[in-house]
Amino acid sequence: MGKTGLDSRKESDCRSFRVTAGDRILGYVAIDSTIGGRSCGGLRMLPALDEAEMRSLGHAMTLKYGFLGLPQGGAKAGVIGDPEAPEPERMKCLVEFGRAIEPLLRTHAYIPNSDMGTSNADIRYMLNAVGISAGRRELRSDRSGYYTACSVLAGVVQATRHVGLNLSQCTVAVEGFGSVGRPLAMLLDKAGGKIVAISNSLGGLYNPRGLEVDRLIQLAKEVGSRVVEVYPEAESISRETLLELPVDIICPCAHANSLNVDKVPRIAARVICAGANDPITPSAEYALSERGVVCLPDFVTNCGGVLGGTMEFASVSRAQIEAFIDEQIGARIAWLLGKAEAQRRTPRQVMVPLALHRFEEVAQSASDMTPLRRLFQMQLNLYRRGLIPGFFVAPLSIRYFSRTMVSPADLSTC
């Protein structure tokens, strides 16, 4: 194996690293922002990665942490590999990548968690192989995709109400039938929506009468991406075709920039609510909004994964997290839609400055190490090590999360 290295470059406020082993590119790390010298974001595994896309995804994490009011810098990383390869091959890719970025991991300049093609167990294995121990309460849950689906559902519910649609009479296309798309399809199906199309890396399925979601999920567990080849009662379609189907709602839960401005004239949906990061290019989002299509900011609708994982770390129960996302995220999305309509701006144009403003407030507060904050940090470290019981922390954390998120009162500050 050749010598590993980190080729650093800076563009705007984002630092990115090309991770190499000899002449081979192993992947990339993009650090968009830091708080206390630290940043956090998902580590994905895909056969092909784009450095500019990673930088954009890192910025999306900054916006997400700002919206939630969490004291983390935004980052994103990707390792080049096949997420459906045999386990030993996947782990080899992750460990090689982890050893190459060890300086970033040891200093917490970059703190990884699960993303497309990886699980928290994968991240823990990589860290252990590098000689870094995760905290007792860290990287334990693999419900990030489910909690992301919960916040996307909250967005769909509020957006359909806003445009006068009844979700129980809506047709839905889910782009990306993976860790977010599968639970989202299940939640939408239970909420009364009709899932008529799904897609993954191998293609898509379409049945205007509706797909059997439970059956699709079971088949996906058995055959992975080949579910689109073995499910019999649907028309095979391309991934691109899914976006152009005559549906009411599109939920992009796959790659970044899958919906660009060239596709806008062929989009029939009235609501686009994302589980993926950056699935719509800025020009496409603006053009769709001009046509009256509701496009909610992805860093709002897919924040459930970060929020739910953080709340689980704080020993909040799954049922409480689900209720919190439905109520708190749902209320903020309803407010955002009303404010955007009143100001004749897109929801993104309203929310981005608010999220950035809140991020700066949180960063400033974190840098002011008062005696009270030092005490909090000491207690947090004890909790990470399992020395403070979770039942003490959970009730306090629920109140904390409800106060930290961007709220209507923040509008006057921007």
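The values are calculated or read from the model by the stated rules, or taken from the named source; none is laboratory data. Here the structure is a predicted model, which is why all the values come from computation and not from measurement. Cβ atoms come from the backbone with ideal geometry, glycine included; neighbour counts cover every protein chain shown.
The table below lists the values:
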| item | result |
| --- | --- |
| Options Thr107, Thr148, Thr118; residue that is buried (at least 17 other Cβ atoms within 10 Å of the Cβ), β-branched (Val, Ile, Thr), in contact (Cβ under 8 Å) with a residue 24 or more places away in the chain and out of contact with any strand residue (DSSP E or B) (no Cβ under 6 Å at 6 or more places or on another chain) | Thr148 |
| Lone unmet requirement of (1) surrounded by 18 or more Cβ atoms within 10 Å (Cβ to Cβ); (2) under 26 Å from His162 (Cα atoms); (3) of a type in the set (Gly, Ala, Ser) for Ala268 | (1) |
| Wholly within the stretch 20-93, strands (runs of 3 or more DSSP E) carrying at least 1 residues that are modelled with pLDDT of 95 or more and among the polar types (S, T, N, Q) | 39-46 |
| Residue within the stretch 21-29 that is of a type in the set (Ser, Thr, Tyr), surrounded by fewer than 24 Cβ atoms within 10 Å (Cβ to Cβ) and outside the structural domain of Pro279 (by TED's automatic domain parsing) present | no |
| The stretch 371-414, subset modelled with pLDDT of 75 or more and polar (S, T, N, Q), residue farthest from Arg318 (Cα to Cα) | Ser407 |
| Among residues of the stretch 191-241, those that are in contact (Cβ under 8 Å) with a residue 60 or more places away in the chain and over 18 Å from Pro252 (Cβ atoms), counted | 1 |
| The stretch 292-304, residues that are among the small types (Gly, Ala, Ser) and surrounded by fewer than 24 Cβ atoms within 10 Å (Cβ to Cβ) | Gly292 |
| Qualifying residue in the stretch 158-180 (condition: touching a helix residue (DSSP H, G or I) at 6+ places or on another chain (Cβ under 9 Å), in the same structural domain as Ala268 (by TED's automatic domain parsing), assigned to a helix (DSSP H, G or I) and closer than 17 Å to Ser258 by Cβ) | no |
| Selection from the stretch 250-268 of residues that are under 22 Å from the mean Cα position of the chain (by Cα), more than 19 Å from Thr62 (Cα to Cα), hydrophobic (A, V, I, L, M, F, W, C) and in a loop (DSSP other than H, G, I, E, B) | Cys253, Ala254 |
| Every pair of residues 6+ apart whose Cβ atoms lie under 6 Å, when the first sits in the stretch 355-382 and is farther than 15 Å from Gly69 by Cβ while the second is at pLDDT 70 or above and of a type in the set (A, V, I, L, M) | Leu382/Ile388 |
| Leading residue by the ranking (surrounded by the fewest Cβ atoms within 10 Å (Cβ to Cβ)) among those in the stretch 271-291 that are free of Cβ contacts under 8 Å to residues at least 40 places away in the same chain and part of a loop (DSSP other than H, G, I, E, B) | Arg291 |
| Selected residue (criterion: modelled with the lowest pLDDT) from residues of the stretch 338-366 that are loosely packed, with under 11 Cβ neighbours inside 10 Å and part of a helix (DSSP H, G or I) | Gln364 |
| Ser236 in a strand (DSSP E or B), in the same structural domain as Ser289 (by TED's automatic domain parsing) and either surrounded by fewer than 18 Cβ atoms within 10 Å (Cβ to Cβ) or over 24 Å from the mean Cα position of the chain (by Cα) (or both) | yes |
| Given (1) assigned to a loop (DSSP other than H, G, I, E, B); (2) touching a helix residue (DSSP H, G or I) at 6+ places or on another chain (Cβ under 8 Å); (3) in contact (Cβ under 8 Å) with a residue 40 or more places away in the chain, number of the condition Val247 does not satisfy | (2) |
| Qualifying residue in the stretch 129-144 (condition: over 14 Å from the mean Cα position of the chain (by Cα), farther than 23 Å from Ile321 by Cβ and outside any loop (DSSP other than H, G, I, E, B)) | yes |
| Selection count where residues are of a type outside the set (Gly, Ala, Ser) and in a strand (DSSP E or B), scope the stretch 181-205 | 6 |
| Of the criteria (1) surrounded by 19 or more Cβ atoms within 10 Å (Cβ to Cβ); (2) closer than 22 Å to Cys273 by Cα, which one Met126 fails | (2) |
| Subset of the stretch 73-104 that is in contact with a Pro (Cβ under 9 Å, 6 or more places away or on another chain) and surrounded by fewer than 19 Cβ atoms within 10 Å (Cβ to Cβ) - its residue that is nearest to Glu361 (Cα to Cα) | Ile80 |
| Tabulated pairs, the stretch 73-90, first more than 14 Å from Ile123 (Cα to Cα), second part of a strand (DSSP E or B) and of a type in the set (Ser, Thr, Tyr), C-beta under 8 angstrom, 6+ apart or interchain | Gly73/Ser39; Gly74/Ser39; Ala75/Ser39 |
| Number of the condition not met by Ser16 [criteria: (1) buried (at least 21 other Cβ atoms within 10 Å of the Cβ); (2) modelled with pLDDT of 95 or more] | (2) |
